[in-house]
């Protein structure tokens, strides 16, 4: 069934990601990586917007940011216009880590698709995007 296959593929993706990134000396998780990369690309983003950017639920994103902040990879400051919102910025250490582990992240993506020809890999990516887009709004954490 598609749900089982999607879950199994995700399990394998996480395992490969951890193996590759740990070989670089990092304990960053896939979700932490996604958050860190989104913050790098969107300096000053607030936590709610970040959650939408990486399709993660608002409640749990706080824990992800807490861990990134404890690791010294991001800073969280009060937004001057909305005191309830927190602006997120990547630190120098966070940027250095992103660049250091990028080859491992790329290797993980290649390994995940290694059983497919290049055209099959591209077709799989197209079909995954199409299937996800069709049901995005049914998710508790839709991609925005």
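The values are calculated or read from the model by the stated rules, or taken from the named source; none is laboratory data. Nothing here was measured: the structure is a model prediction, and the numbers come from that model. Please note: Cβ atoms are built from the backbone with ideal geometry, for glycine as well, and neighbour counts cover all protein chains shown.
Only residues in the range 45-63 that are more than 22 Å from residue 91 (Cβ to Cβ) count as the first member; pair them with residues that are part of a helix (DSSP H, G or I) and at pLDDT below 90, Cβ under 6 angstrom, at least 6 apart or cross-chain, and list the lot. Taking only residues 6 or more apart or on different chains, the pairs are 58/48.
Looking at the structure I just gave you, is residue 73 within 16 Å of residue 99 (Cβ to Cβ), in contact with a helix residue (DSSP H, G or I) (Cβ under 9 Å, 6 or more places away or on another chain) and either modelled with pLDDT under 95 or buried (at least 17 other Cβ atoms within 10 Å of the Cβ) (or both)? The answer is yes for residue 73.
Tally time: how many residues in the range 14-40 are outside any helix (DSSP H, G or I) and either under 15 Å from the mean Cα position of the chain (by Cα) or at negative phi (or both)? Spell out how you get there, then give the answer.
Within the range 14-40, the subset outside any helix (DSSP H, G or I) is 24-29.
This time we only want the ones that are either under 15 Å from the mean Cα position of the chain (by Cα) or at negative phi (or both), so: 24, 26-29.
The total comes to 5.
Yes/no matrix, rows are residues, columns are (1) modelled with pLDDT of 90 or more; (2) within 26 Å of residue 19 (Cα to Cα):
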{"residue": "45", "(1), (2)": "yes, no"}
{"residue": "51", "(1), (2)": "yes, yes"}
{"residue": "54", "(1), (2)": "yes, yes"}
{"residue": "64", "(1), (2)": "yes, yes"}
{"residue": "80", "(1), (2)": "no, no"}
{"residue": "102", "(1), (2)": "yes, yes"}
{"residue": "106", "(1), (2)": "yes, yes"}
{"residue": "140", "(1), (2)": "no, no"}
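Just need a number here: residues in the range 19-40 that are surrounded by 14 or more Cβ atoms within 10 Å (Cβ to Cβ), touching a helix residue (DSSP H, G or I) at 6+ places or on another chain (Cβ under 8 Å) and either at pLDDT 95 or above or within 18 Å of residue 143 (Cβ to Cβ) (or both). The total comes to 15.
Taking the options 11, 43, name whichever one is exposed (fewer than 12 other Cβ atoms within 10 Å of the Cβ), under 16 Å from the mean Cα position of the chain (by Cα) and assigned to a helix (DSSP H, G or I). Being exposed (fewer than 12 other Cβ atoms within 10 Å of the Cβ), under 16 Å from the mean Cα position of the chain (by Cα) and assigned to a helix (DSSP H, G or I) holds for just one of 11, 43, which is 11.
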